[in-house]
1. Going by the structure shown, is Tyr506 touching a Lys or Arg at 6+ places or on another chain (Cβ under 9 Å) and surrounded by 17 or more Cβ atoms within 10 Å (Cβ to Cβ)?
2. Just a yes or no: is a residue in the stretch 150-157 modelled with pLDDT under 90, surrounded by fewer than 16 Cβ atoms within 10 Å (Cβ to Cβ), more than 20 Å from Pro478 (Cβ to Cβ) and in contact with a Ser or Thr (Cβ under 6 Å, 6 or more places away or on another chain)?
3. All but one of (1) surrounded by 20 or more Cβ atoms within 10 Å (Cβ to Cβ); (2) at pLDDT below 90; (3) under 31 Å from the mean Cα position of the chain (by Cα) hold for Leu566; which doesn't?
4. I need a count of the residues in the stretch 184-196 that are modelled with pLDDT under 90 and more than 20 Å from Ser109 (Cα to Cα).
5. Exactly one condition in (1) on the phi < 0 side of the Ramachandran plot; (2) at pLDDT below 85; (3) outside the structural domain of Val328 (by TED's automatic domain parsing); (4) not charged (D, E, K, R) is not met by His437; state its number.
6. Determine whether the stretch 390-408 contains at least one residue that is in contact with a Lys or Arg (Cβ under 9 Å, 6 or more places away or on another chain) and outside any helix (DSSP H, G or I).
7. For the stretch 130-149, how many residues are at pLDDT 85 or above and within 20 Å of the chain's Cα centre (by Cα)?
Amino acid sequence: MAAYAKGRDCHKALRGAPRFLVQLAGLMVLTLGNPSFAATSGAAAQEPAAEQTKDPASQTTIRTTVRQVLVDVVVTDRKNHPITGLQRDDFYVLEDGHPQNILFFEAHSPHADSETAKPAALPDLPLNTFANVSTSNSRLPLNVLLYDLLNTPLTDQPFAHQEIVKFLQNRPPGNRFAIFVLGDTLHLLQGFTDDERLLVAAMNRKEANPHSTLLYQAAGGLSDASGLSGGAASARDGAQEMMGRMQNMEAATRRFFVTRRVEKTIGAFAEIAKFLSGLPGRKNLIWLSGSFPSNFFPGTDSWDPFGGLASYNADLHQAADLLTVGQVAVYPVDIQWLTTDPVYDTSNPETYRTPQDFLRAHLNFMLEIGAEQATMDQVADDTGGHAFYNTNGLSDAIATSTEDGSNYYTLAYSPSDTKFDGRLRKISVQLYHGSYHLAYRHSYLADDSVVEQNAANAAIMRLQVALRRGAPLAPELPLQARITPQGKAQAATKEEIAQLAQFPAYASRKKWDGLKIQRYSIEYEVPGSQVALESAEDGGMRARFEILMGVYDQESQTMFGYRSPLEKVYSVKNAEQTRKESFRLRHTIQIPAEAAWLRVAVRDAIGDRLGSVEIPLPLKVKLPVKTSATAR
C-alpha cells in the first residue's frame, strides 16, 4: 500500500509576538436552541479575551515541500505464514526501475505490540455514561468487512452469512472491525468495535439477511452476461434469427444493469475510503462478494469480460487515490464456495443439443471465472492485499486476511523524480535475501490533488474523524460523558426545521409533520492532569475548551451538526490542585427525537487534544427493582 504526503508550512513566531485565539473553520455551527455551558470543580467560567490581530511582519514563515511515498509490505512464506524480524537493510525499493532511498522503516506485529501496549480495562460506568476507553490494542490495523450482496447470487448468501458470523465469534482477540453491507445502497451496520456481541448483532440486522437486490435480480446474475443459449445453434434459420435478436436484447439489458452495479460498487469503495480517511495507520478492507464484475484499479493490463461497459477511469482513479492516501489494503474473498461449472450441474435447466453448444458454454464459463479471478488478483495486487477464491473455508480466509494485515512493514521514500504530473508510477519492493512473497501496492498516481486537499483540510479532517459515526473514538483527551433527557420531546419549530433541512438525512424530506425535538443535558468529565493550561492576563492560569457534536439517523446519515462558536475559558486559581481534580463541563443540546446516534467531542484548545464518545439513542431506561411480597 502506497501513500504520499506533501510537507508542512513551518511557522516560527519571533519572541514578543502577541498571543491570540484561533477559530478553526469548516464544520457546521448551526444550533437548535441556545446550548449552554457550565463548569465546576475548581474551574470558574469567564468569557474569552478579545482576539488580537497578529502582525504578519512579526513572524518568519519557512515553507517547505517534501513528498514521501508510504508502502506497507506484507512478507509471507510459501505457506502464507507472516515473516517477522526483518530490518530496513533487508529491503530495497525501485520506482519506475530507479533505486530509491528508504527514509523511514517500521515493523508492525500484534505480538510485539502486545508486549508494550496492553488494552485498558473498561470502567464500570453508571447508566447512560460513556467513556472513550478502548478495549483493544490501538496499534493493530483497523479491519472493515464489506459484505457485498449487490454482486452475490441469492443462493450463495446463506452460506456467506453463516461463515461471517462464525468468523466474528472466533476472530483474533483485540482486533477491531467495522461492518458495511452493499445492497442497492451502502449501509454501515456497525462501527469499529472488538465487542463480539455488537458485531454478531449487526450481522443479524435485516440489511445483512439474504435477499436479492434489484440490480442483481434484473441482471439475472453474471453467469449469463456472455454466451448464447445452447439450443439456439441448432434451431431453424428463422427461429435462430429471432432467438439471436432476443439474446441481443437480453445481453443489452444485462449489460445496462451490470454497468449500474459496477458504478455502485466503485462508489461504495470511494465512500468507504472516505470513511477511513484521516485514520492513522494501515486499514484492511475485506471484500466479501459472489462476483467481481470489473477491473477496479489502474496499474496493470487486464481483459474486461464484459466488453462494451462504460469507461470508469475518472471514478477508478479517484477511488484508487483515496485508498492510496488512506493506506487501505483490499482483500477480495469469493464467497461462492468451491466454484463448479454449471454445465455439469444437475440443477442447470439449460439444454445443449450439440457438442459445440456444450463446449461453447463451458468455454464461456471458464473465461468468466478466469476474468473474475484475474480481477480479484489485480485488486489485491494493486492495494497490497491478497485474493481468496475456490475455497469453502470462508472464515479461514477472513482470519488469514486479518493476520496478514496485522503483520507488515512500513517503508517510506522520497521519489527521485520530483515532477508530479499525474502519471502512473510503478513501485517494486524486493528483499536482498530470502525467497518470500511480498504483498504491497505496485503503483500510485503522481497526482498532488488529493494530497493537497487532505493537507489543506488536515485540521478540519481531524475534527471530522472525531465526530464520524462508527469511527474509532478519539482517545487523546480522556473523557466521560453522562447524558440525561430533559422533559418530553416537543414539536419542531419553523426555525429548527429550516436548520435541519440543510443536512443529508433531511435532504429529500417533504413533510415535516410529527418531527419532534428532544432536549438533553450532557455532563463531561475531563481529568485535570490531562488538560493544558496557559498564563492569563491577571497572572493566573486558564484552560480553554470547545465542544463539537454530530447527530445521525439509523442509516448513519448526518441529521445535525454543532460546534461551539466560541471557546469557553475557565480561570484556575490553584493549578497544582486542579491537576489532581477533574474539569466538569455541562452542555445542553436540542436534537431530533428520532436520532439513532449522537457523537460528541471535547477539544482542549490549548493542548489541541481531542476526546470523543459515541452514544446510541434512544437512551436506556432504568427499570424499577422488583420486590417480592413478604408474608406476615
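1. Working: touching a Lys or Arg at 6+ places or on another chain (Cβ under 9 Å): no; surrounded by 17 or more Cβ atoms within 10 Å (Cβ to Cβ): yes.
Taking the combined requirement at face value, the residue does not satisfy it.
2. Looking only at the stretch 150-157, we keep the residues that are modelled with pLDDT under 90, and these are 150-157.
Now restrict to residues that are surrounded by fewer than 16 Cβ atoms within 10 Å (Cβ to Cβ): 154-155.
So of that shortlist, the ones also more than 20 Å from Pro478 (Cβ to Cβ) come out as 154-155.
Pick out the ones that are also in contact with a Ser or Thr (Cβ under 6 Å, 6 or more places away or on another chain) and you get 154.
Checked against the condition, which is being modelled with pLDDT under 90, surrounded by fewer than 16 Cβ atoms within 10 Å (Cβ to Cβ), more than 20 Å from Pro478 (Cβ to Cβ) and in contact with a Ser or Thr (Cβ under 6 Å, 6 or more places away or on another chain), the stretch 150-157 yields at least one hit.
3. Single failed check for Leu566: (1).
4. Within the stretch 184-196, the first condition is being modelled with pLDDT under 90, and the residues that meet it are 184-185, 193-196.
Narrowing the set further to residues that are more than 20 Å from Ser109 (Cα to Cα) leaves 184-185, 195-196.
Residues in the stretch 184-196 being modelled with pLDDT under 90 and more than 20 Å from Ser109 (Cα to Cα): 4 in total.
5. All conditions are met except number (2).
6. yes
7. Within the stretch 130-149, the subset at pLDDT 85 or above is 130-132, 142-149.
Among the residues that remain, those that are also within 20 Å of the chain's Cα centre (by Cα) are: 132, 142-149.
Here the count works out to 9.
Listed here are the residues, each with its yes/no results for (1) at pLDDT below 85; (2) surrounded by fewer than 18 Cβ atoms within 10 Å (Cβ to Cβ); (3) under 21 Å from Ala474 (Cβ atoms).
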residue: Glu546; (1), (2), (3): no, no, yes
residue: Gly561; (1), (2), (3): no, no, yes
residue: Thr588; (1), (2), (3): no, yes, no
residue: Arg599; (1), (2), (3): no, no, yes
residue: Val602; (1), (2), (3): no, no, yes
residue: Ala605; (1), (2), (3): no, no, yes
residue: Glu614; (1), (2), (3): no, no, yes
residue: Thr630; (1), (2), (3): yes, yes, no
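The values are calculated or read from the model by the stated rules, or taken from the named source; none is laboratory data. Quick caveat, the model's predicted, so the values are computed rather than measured. We place every Cβ from the backbone using ideal geometry, glycine too, and count neighbours over all the protein chains shown.
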